[in-house]
Every structure is written in structure tokens, then in C-alpha cells.
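To start, the structure under review is shown below, and the notes come after it.
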Amino acid sequence: MEIFLPFVGGLIFFMALGLPVFVALGATCLLALAMTSASGGLPVELMSLKITQTLNSFPLLAIPLFILAANLLNRGSATTRIFDFANVMVGFVRGGLGHVNVVASMIFAGMSGTASADAAGLGALEIRAMREKGYDLKYSTGITAASSVIGPIIPPSVAMLVYGWQADVSVGDLFLAGFVPGVLMAMLLMATTFIMSYKIDMPTRPLPTAREVFETGHRAVLPMLTPLIIVGGIWSGIFSPTEAGAVACAYAIALGVFVYRDVKLKELFQVFVQSMEFSAVILLIIAISGFYGWLLVRLQVPQALAAGLVAMDLHTTILLLILMVFFVLVGCFMSVIESVLILTPILVPAVAASGVDPLFFGVFMVITLSVGVITPPFGTVLYILVPITGMRFEKVVLSVLPFLIPILATILLVLFFPQIVLILPRLF
């Protein structure tokens, strides 16, 4: 276990210096390689070869494809159509647009796969609509940030795709497993909104007519088919997760360019460039963290950690509670995808040796790490909402605090009742 110190201590040290995650990972790998090569172990030159091989993976191609599909849907009128339909369906309930915010995010989560896409796309639309209706800006900001956490949970999920690739767990099963926890989180957020509506003025819309339901449903039906096509196609075996990403892109282009005609060819080029830039950042991190994970396994760090956990003989619930606190803290400093890439090769063998189902653990880890998108100092969603709302960063943070209660309650329910995660994969 003497190699464990440079792996963990080195990574913490380099990140504390303020280096980007991929640089900190690379420097840590070089440090570990230098220690082993000095004693006749692995050569330092191995790093460049393995980094290149990591990206030579068909499943990883799904990541830029899902990113592109989400950006295409955001650029067109899909988000507006979804919001209008959600408004008609639940806008008349006490809590009004707060419920609409959650339902719209839940629907869009079935297309985007990331919290940042939800906040950047639907977020601006939701905040603007709530401002126009006289909603308290602090509340509007908090519920918009909190509802975006559903993005990485309800399928398709980029974070779960990465976990499935690293942990050798079926991506289709992970997508099914994330659906019930995502809906549960949405229900608890809506319950919180209902309670808060007795203290905060939340105007509601009139009860919709059958004509309004039909018209908005008709306008939104094609975008809402996206998650059904993705998950249904994967589950039925018609196409793989990677091919599902390609199908989602083709479908989003067809809707924006040919059906609704609200995405021009010039805008299409801009969306491709934007998606390429974001994908390049993620894939660079994946390339280096892939070598980091390979090196961990090669030097038997996860195996040693697994043996240590088994020797401690902790009850599964106690182990998961400890990991829950750990994941929440990690999520404060790294993105969900970065955390999954680093922690999966270390923890999955260890928790599997303790009797934890890797399928359940993947969903549990992604949900818990997702809290980090709305907590400082990393909190990508917080930074996205600052320019949208015009509020200072610290005020955005304070607006989110009440909504951490239903989110953490969801995590605890998943922890104590694993069947919430496993019911759909077992059923199908």
C-alpha cells in the first residue's frame, strides 16, 4: 500500500495548488510511474500509449453524441414546448410555476443527461417566466437549480454511461435504475414547493381546458418522444447506447431544422462547434483518468482497499452512509463525471467485496455526487444561474439551501431502500 500515498495524496496536493483536474491527474500518474520505474517497474513512456488507447472506445462515442443532442434541443423550440405543456398540466396546482419548473426539468432530463444542460437551456426560460408572474427571485433561483439535479439521474445520463463503461455494468440497466429515483426526487421537490407556497406568494394559472391540454400536448409530443426513443431502443436491443446517441442527434436535427424550422444552418454549425469544445474537455479528462484507473488496478490499489474494507467488517448501511458523506464532499470540488472517472476504479471492487450491488452503487454514487452541481465552490449550475438571475453568487447559494433537504432525503431513501433503484432492472 506504499503506492497509495502518491495516488491519493499527490492528487489532493496538485488539486490544492489550483491545477485543472486533468493536469492534477496526469501529474499524479507521472509521480506514481516515476516511483515504480525507479525500482524496475512500469516505464514512464507507457502513459502516452495508454491515454491514446483509452479513447479508442466505441461506448465513449456516446458522450459527445448526447451532448450534441441536448445542445440541438436547447437551440430550437423544444424547451419552450416542454415548458408550455408542463405549465398546462401542473401550473394550476398550489405552487404554480414551481411545480412546472420541476416537471419540465424532469422531462428535459430525459433528453439532456446533464444538470448544466438543463440549467442553461430550461433555466433561463423558467426564471424569466417566474419573474413575469411575480415569483420571488430567491425561490425561483433555488427551485431552478435544485430541479436541474434530476438531469444526471433520469435516463439518458452521461455520468451513468461513464460509470457503466468503467465498472462493466449494463448501461441499459443503469438507465432503467435511475428512472424511479429521479421521479422520487421530483416528487419531493414538488412537495417542498407545496409547503413553501403557504409562506411565499406563488400565483397559479386557471384550470386548463381540454383544448389547451390537447394543443400544448400536440406541440410538445415530438420532443417528449426523445427519451422514449433512447431508452426504449436501448432496452429493446434495437441499438446500443452509442447508437442511441446518434439516433438522438438525428432526431434533434430533424425536429429543429426540418419539422419546426427554428434552427438555421448557421446556428447548426455553431451548435456543432459548441458541442465539440465541451466534448473535447470531457474526453481529455476521460483519457487521462482512464490511465489513472488502469494504473490503480495494475498496482493493485483497489484490491488492497477492498481487502481492508472486508477486514473492517462494516455493516453495508454504515459503509454507504460513510460513502454518502464522502461523495457529497467530493462533489463540492469536482464535477460528477470527473468524480465518477476517478472513484469508480477505486471503490467498485471494494464495495463489491462488501456485498454491494455494482448496479445499485452506480446510481447511488451518481445521485450523491450530483448534489455538487448546486454546492460551492465548484457548483456549475450555480455559476450558470448567476448571469441568468443577476444575483450575486453567495445569494444564489443561499437560495438553494432549503432544497437540499428533499434532495438529501432522496439519497437516504435510496440508501435504506435499494429496491427503489433495482425495481425496474429486475422487473424487465
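The values are calculated or read from the model by the stated rules, or taken from the named source; none is laboratory data. Small disclaimer: the values here were computed from a predicted structure and weren't measured. Just the protein is used for accessible areas: all its heavy atoms, side chains included, with ligands, DNA and RNA removed. Shrake-Rupley method; radii C 1.70, N 1.55, O 1.52, S 1.80 Å.
General remarks:
- Less than 5 angstrom separates the built amide H of residue 96 from none of the residues sequence-distant by 5 or more or on a different chain.
- Here the accessible area is traced with a 1.4 Å probe on the protein chains. For the stretch 250-303, carbon and sulfur cover 69 percent of it.
- When 139, 260 are compared by accessible area of protein heavy atoms, the largest-first order is 260, 139, using a 1.4 Å probe.
- Heavy-atom surface analysis with a 1.4 Å probe gives the stretch 78-225 a carbon and sulfur content of 63 percent of its accessible area.
- Gyration tensor (Cα) of the chain, equivalent ellipsoid semi-axes in angstrom: 37, 24, 20
- Calculated from backbone phi, Karplus (6.51, -1.76, 1.60) coupling profile of the stretch 150-158 in Hz, x at Gly/Pro: 5, x, x, 9, 6, x, x, 10, 5
- For the stretch 295-355, the relative contact order works out to 66 percent when only alpha carbon pairs closer than 8 Å and six or more residues apart are counted.
- Residue-averaged 222 nm ellipticity for the chain, from DSSP H runs of 4+ at -39500 (n - 2.57), nearest 500: -25000 deg cm²/dmol
- Taken per residue, the accessible surface of the chain reaches 42 Å², heavy atoms only and a 1.4 Å probe.
- Separation between Cα centres of the stretch 97-133 and the stretch 277-325, rounded to whole Å: 32
- Couplings for the stretch 109-126, taken from phi via the Karplus curve 6.51 cos²θ - 1.76 cosθ + 1.60 with θ = phi - 60°, read 4, x, 10, 8, x, 9, 5, 5, 5, 5, 5, 6, x, 6, x, 4, 5, 5 Hz in order; Gly and Pro are left as x.
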